[in-house]
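Note sheet for the following structure.
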Amino acid sequence: MDLVDKLCFKFSVLRFDSVRLFYNLRDYDGCVLANDDDLEVMFSLAGWFGVEVIDVTVVNSIGSSGCFGSDSVAIGVDRSENSCLTTDVGSDGLCGGSSGSYGSIFTSSKGKGSGVSCLSTDVGSVGLCGGSSGSYGSIFTSSKGKGSGVSCFGDVVASGVSGSSGSSDGLCSDVGSCSSSKGKGLAVIRSQWRLEVEKERDLLPTFCQHRDRALLSDGWRHYIKEVNQKFEGGAVEFRDKLAKFAIFYGFDYSFAKNETDRVTAFCKDADCKWRVHARLDKVSRHFYIRSFDDIHSCGASILSTKHSLASSSMIGRLMSADIRTTPQKRPIDVVSSLKGLYGVDVPYKRAWKGVEKGRSEAFGDYDASFDELRWYREAVKNSDPESVFDIEVDTETNRFKRLFVAFSACIYGFKHLRPLLFVDGTFLKGNFKGSLLSASAKDGDKGLFPLCIGVADSESNENWLWFMEKLRGILDGDTRSIVFVSDRNAGIKAAVPRVFPSGFHGYCLYHLKNNLRGRLTGGRNKYKERVIGLFSLCAYAPNEMKFNEEMARLKKAGGESRITNFLADLPYEHWANAFFPGQRYGEMWSNLAECFNSWIEKERHLPITQLVDRVRIKLMEQMCCIKQLAAPGRKVLCPTMDEALTIAFQESKAWEVKFSSPDVLEVLCNPSVKVDIGRHSCTCTQWQLNGVPCVHAICAIKKSGKSLNACVERYFHVECYREAYSRPIMPVPTLWKPEGAGDAVILPPFSRKPPGRNKKKRIRSFGEKVRTIKCTRCGKRGSHNRRSCKEAIN
């Protein structure tokens with residue numbers, strides 16, 4: 001609208017409601033500029049073709065006979081002869097025809113002579129001349145000359161148009177010739193332009209407009225352009241671009257010749273003449289198009305968005321970038337992406353194959369990845385000699401068996417953390433059907449601190465024993481008694497006392513409660529929750545007296561025989577606080593191990609070398625980030641611990657404290673307790689069990705005037721927390737990675753595919769609760785979200 005306003009302001013003869021704009025650009029003829037969207041499309045096409053200047057034709061529909069250039073027009077008018085000749089360089093004029101005809105802006109330059117209607121006298125100038133009633137003006141090109149010249153075109157007989165009304169002078173008696181009103185300066189200009197009637201614009205589609213959307217495949221239209229076009233990649237590049245070219249235009253082709261030095265393709269339609277032939281230049285070793293017939297005579301009926309040319313290999317190349325950032329890319333997502341971004345329909349099976357090939361292109365081949373472990377081990381040893389990277393191979397078959405990795409920074413950091421390890425195993429999701437074993441710790445701020453990982457074929461007793469022996473090797477020199485927390489896996493139960501005789505093994509309370517829920521069959525949910533709640537009280541009971549009281553209530557509520565059978569293979573010293581011999585620091589669940597499994601969720605799809613490298617990169621970033629956050633400051637304790645002590649202090653402000661000795665105090669609350677600051681103990685036993693001063697101890701420490709920070713174990717101090725992350729994990733560059741495999745190749749292990757569909761999610765325990773979320777699509781609560789919602793929506 002702004003453009004039309006400027007034109008109407010400059011040329012007073014133009015009417016706002018009758019101006020129409022057209023432009024031609026390469027293969028696009030007679031394009032209309034009707035709104036802002038059309039203007040954006042024009043500039044997009046111009047940018048794509050690399051065009052810097054666009055000629056726009058302005059057409060004004062008029063209802064009366066005559067030339068714009070009469071007495072009432074001041075722009076581009078020579079009043080002496082009432083003609084449309086402009087005498088200034090670069091000025092614009094309009095020439096109109098009779099009723100039903102159209103006028104157009106044209107450009108002219110200086111010329112001599114008079115009596116000229118609608119003449120442009122400079123080489124390359126363009127003008128429009130209107131004819132008689134029912135005819136249309138046409139663009140023409142004139143040459144430089146001194147005399148006046150007229151070009152008036154009609155279907156059979158065209159008439160020159162004069163500015164004076166009622167005059168019949170200037171009538172053309174032959175196509176391409178016209179005389180002036182005075183009979184002077186006759187000029188004959190012959191044109192080869194074919195006059196066409198302007199088509200009426202169909203406004204019906206404006207009632208259902210769709211926003212134009214650029215596709216990533218729009219650039220494929222120029223992959224095959226002309227003869228002598230060069231392809232530096234040889235036949236491979238030519239075939240790839242030819243396939244994309246055909247996919248964009250929606251046709252299919254067959255090969256007459258498909259060799260390394262020549263390729264000939266023709267349209268599959270028998271009557272179509274489209275054909276392309278390319279050969280290899282033996283000097284430059286480049287491919288060149290030698291013949292190209294770009295005319296399709298097959299019609300639009302054979303065009304389709306379903307292409308066999310969109311092979312799984314092409315899909316893998318197109319999706320490799322997305323798969324690199326999202327290893328869990330699903331085939332159904334690839335089908336949707338190809339349709340929305342490229343306008344191509346592919347079947348699910350081909351998309352699945354494309355995803356697998358895309359993963360191979362992005363992360364390497366699964367089979368070759370096992371042999372790459374040899375190079376990766378040497379690279380890790382060169383950058384960090386103190387790291388542990390052990391590969392076990394079957395000597396008879398030379399196939400991969402097990403892998404153990406522990407970086408020196410993690411080994412050193414664990415010395416400054418609590419002697420508490422969470423061990424667990426999870427399945428891998430790639431082609432290798434194995435298990436990933438891990439041991440993780442908690443830092444002073446209760447964050448995840450992975451110590452080591454292992455890869456084996458399963459969570460068998462033999463593999464867990466091997467993993468614990470490797471773990472014992474990296475902890476050599478650590479005299480502390482290690483406490484292990486796990487989900488009561490049979491292999492872990494057998495390996496811990498054998499490898500760590502001075503260590504302690506605690507069972508995860510969460511898994512025990514789920515096991516008990518499975519035993520309580522036939523009862524209501526409220527009954528089950530009541531029995532499970534009593535079992536939790538037994539586990540948290542601080543001493544034997546309280547434990548016996550809660551156990552009696554548990555057997556009474558759940559049935560003595562049922563509870564006794566359940567506890568038959570559960571020794572109290574592995575799950576109850578009252579009998580646990582080690583320092584568990586209040587950690588009753590093994591949820592930290594599950595956090596580690598979720599932390600590497602995306603990496604579990606990768607080949608084994610990429611899996612280890614991605615875990616290393618994550619650890620490297622975590623070490624660096626926390627080291628910067630834990631910069632020296634005024635606080636002595638870690639933020640989480642400092643906040644917990646602050647809350648406990650607020651609860652104890654109203655209590656009175658009486659001294660028995662400098663270190664032994666009595667806190668007069670209801671009920672009252674004894675606190676021994678020297679022995680770090682309290683009657684409530686929370687200080688002893690958790691390793692952190694309880695609310696009673698904080699009240700007594702404040703009363704005694706001693707330092708509260710000194711009564712907190714060193715593992716929760718910022719200094720110890722900072723020291724745990726002090727050493728960096730070194731990068732492993734792949735710049736000089738060798739291509740050759742060598743003689744001793746590590747082959748992939750034998751993996752038997754389990755029956756049924758591949759499992760991608762962890763098998764939950766019987767009765768295990770799932771955190772419910774609210775779906776934003778259906779509004780219901782459950783375990784699904786908007787993406788996985790399958791509810792019917794009205």
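General remarks:
- Accessible surface area normalised per residue over the range 496-629 is 48 Å², counting heavy atoms of protein chains with a 1.4 Å rolling probe.
- With the simple spin-label model, which puts each label point 7 Å out from Cα in the Cβ direction, the Arg275 to Asp5 separation comes to 5.8 nm.
- Within the accessible area of the range 528-658 (1.4 Å probe), percent carbon and sulfur: 54 percent
- Tyr342 accessible area, 1.4 Å probe, all protein chains in place, Å² to nearest 10: 30 Å²
- Residues Thr640, Thr683 ordered from highest to lowest accessible area at a 1.4 Å probe: Thr683, Thr640.
- Inter-label distance, Arg262 to Asp55: 4.3 nm, where each label sits 7 Å from its Cα along the C-beta direction.
- These residues, Glu356, Glu651, go from largest to smallest accessible area, 1.4 Å probe, as Glu651, Glu356.
- Amide H within-cut-off set for Ser681, under 5 Å, with H built and near neighbours excluded: Asp676
- Subtracting the Cα-Cα distance of Asp390 and Tyr348 from 0.36 nm times their residue separation leaves 11.1 nm of extension gain.
- Estimated FRET transfer efficiency (Ala46, Glu200; beta-carbon r; R0 45 Å; 0.05): 0.95
- Computed FRET value (nearest 0.05) for Asp218 with Lys339, which takes r as the C-beta separation and R₀ as 22 Å: 0.90
- The charge dipole of the range 623-717, taken about its Cα centre with unit charges on the Cβ atoms of Lys, Arg (+1), Asp and Glu (-1) only, comes to about 260 debye.
- R0 of 22 Å, Cβ-Cβ distance Lys653-Leu708: FRET efficiency to nearest 0.05: 0.95
- Given their separation in residues at 0.36 nm each and the Cα-Cα distance between them, Phe750 and Asn670 gain 22.2 nm when the chain is fully extended.
- Ranked order, Lys546, Lys555, Lys790, Lys774 - accessible area, probe 1.4 Å, largest first: Lys790, Lys774, Lys546, Lys555
- Were the residues from Arg498 through Cys31 laid out at 0.36 nm apart, the gain over their Cα-Cα distance would be 159.8 nm.
- Anchor Lys528: aspartates and glutamates whose Cα lies under 13 Å away (excluding residues fewer than 8 positions away in-chain): Glu768
- Accessible area per residue was computed with a 1.4 Å probe on protein heavy atoms; Cys699 scores about 10 Å².
- Taking all protein chains together and rolling a 1.4 Å probe, Phe579 ends up with roughly 60 Å² accessible.
- A cut-off of 5 Å between modelled amide H atoms, ignoring neighbours fewer than 5 places along the same chain, links Leu451 with Ala439, Ser440, Ala441.
- Solvent-accessible area, 1.4 Å probe, carbon plus sulfur percent, for the range 340-401: 47 percent
- Per-residue HN-Hα couplings for the range 399-409 [Karplus 6.51, -1.76, 1.60; θ = phi - 60°; Hz; x = Gly/Pro]: 9, 4, 10, 8, 9, 10, 9, 8, 7, 4, 5
- The count of lysine pairs in the range 372-490 whose Cα atoms are under 27 Å apart, excluding pairs fewer than 8 places apart on the same chain, comes to 15.
The values are calculated or read from the model by the stated rules, or taken from the named source; none is laboratory data. All figures in this text were calculated on a predicted structure; none of them were measured in a lab. Don't worry about glycine lacking a Cβ; one is built from the backbone with ideal geometry, like all the others, and counts go over all protein chains shown. Only protein heavy atoms, including side chains, enter the accessible area calculation; ligands, DNA and RNA are left aside. Shrake-Rupley method; radii C 1.70, N 1.55, O 1.52, S 1.80 Å.
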